[in-house]
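What follows is a short report on a single structure.
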Amino acid sequence: MASSEDDGSVEEKENAKKKQIGAVATAWLTFYNIAMTAGWLVLAIAMFRFYMYKGTHKGLYKSIQKTLKFFQTFALLELVHCALVRTSVLVTGVQVSSRIFMVWFITNSIKQIQNEESVLLFLVVWTMTEITRYSYYTFNLLKHVPYFIKWARYNLFIVLYPVGVVGELLTIYAALPYVRKTAMYSLRLPNKYNISFDYYYFLIGVMCFYVPLFPQLYFHMLRQRRKVLHGEVFVEKED
């Protein structure tokens, strides 16, 4: 039987290991959030400069698409981060996957819609949201969050979130005629796999999916707002 001293030594080593892992995780998350804040700031500056020089949003997406695709795809790491911080995998997964879908499988794939005003709409909303969100996470990890950052994080979404959803839906809607005409990403019978897939109807399904999903995510953010800004505690009801 091990002595109490041995038990204490093992426990101390385990605690030290946990602290070391915690320190490394915090350092990585801090670096990640600083990098993402900087990335979206670069996008914001690029968008502002483009509009100032050109006086139009046409051609904007093409000029920033490489930076946008890099940083939005880099956000996939947030699914891994769910194991490091207490956050919902479902909420994070929906938000990240929907953004990547909009970038790669809608706007990037269908060049005819890249100059739509709806694309500008969701780009502006995403940029404002992400600069605020990542800067809030950074300051939170550093244990010092300026009030205006906290206020922006839990107030701007009230307007930005629905406006961004409108921009995304209008962009998907604008893509429908081109998808139907070209049958892109579709698989028609007969084929060797003996299955059929129509991307046109898939996009209609995605648009319908916004209807039940948006209120859930929006009210989730409202609950978080009341918790952080007003200190309200929510207790899950038992079935």
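The values are calculated or read from the model by the stated rules, or taken from the named source; none is laboratory data. Keep in mind that what you see is a predicted model, and the values were worked out from it rather than measured. Don't worry about glycine lacking a Cβ; one is built from the backbone with ideal geometry, like all the others, and counts go over all protein chains shown. Side chains are part of the model used for accessible areas, which takes the heavy atoms of the whole protein and leaves out ligands, DNA and RNA. Shrake-Rupley method; radii C 1.70, N 1.55, O 1.52, S 1.80 Å.
Evaluated against (1) modelled with pLDDT under 95; (2) in a helix (DSSP H, G or I); (3) among the aliphatic types (A, V, I, L, M), MET47 falls short on exactly one condition, (1). Restricting the first member to the stretch 105-117 and to residues that are in a loop (DSSP other than H, G, I, E, B), and the second to residues that are open to solvent by less than 70 Å² (accessible area, probe 1.4 Å) and basic (Lys, Arg), the beta-carbon pairs closer than 8 Å and six or more apart or on different chains are ASN108/LYS69. Do we have any residue at all in the stretch 68-89 that's more than 13 Å from the chain's Cα centre (by Cα), of a type in the set (Ser, Thr, Tyr), open to solvent by less than 30 Å² (accessible area, probe 1.4 Å) and on the phi < 0 side of the Ramachandran plot? No, the stretch 68-89 contains no residue that is more than 13 Å from the chain's Cα centre (by Cα), of a type in the set (Ser, Thr, Tyr), open to solvent by less than 30 Å² (accessible area, probe 1.4 Å) and on the phi < 0 side of the Ramachandran plot. Among residues of the stretch 57-77 that are touching a residue at least 60 places away in the same chain (Cβ under 8 Å), those with a beta-carbon under 8 Å from a residue that is assigned to a helix (DSSP H, G or I) and among the polar types (S, T, N, Q) at least six positions away or on a different chain give the pairs TYR61/THR107.
Can you name every residue in the stretch 45-67 that is open to solvent by 30 Å² or more (accessible area, probe 1.4 Å) and under 22 Å from the mean Cα position of the chain (by Cα)? Selection gives ILE45, ALA46, PHE48, LYS62, SER63, GLN65, LYS66, THR67.
Enumerate the helices (runs of 4 or more DSSP H) found wholly within the stretch 123-239, keeping only those where 2 or more residues are free of Cβ contacts under 8 Å to residues at least 40 places away in the same chain and of a type in the set (Phe, Trp, Tyr).
Values: elements: 147-153, 157-182, 199-230.
Result: 147-153, 199-230.
Of all residue pairs spaced 6 or more apart or on separate chains, those with beta-carbon atoms under 7 Å, a first member in the stretch 18-31 that is assigned to a helix (DSSP H, G or I) and a second member that is at pLDDT 95 or above are THR30/THR138.
From VAL165, VAL179, VAL206, grab the single residue that is over 22 Å from the mean Cα position of the chain (by Cα) and buried (at least 17 other Cβ atoms within 10 Å of the Cβ). Explain how you work it out, then say what you get.
On the way: VAL165 fails: over 22 Å from the mean Cα position of the chain (by Cα); VAL206 fails: over 22 Å from the mean Cα position of the chain (by Cα).
The match here is VAL179.
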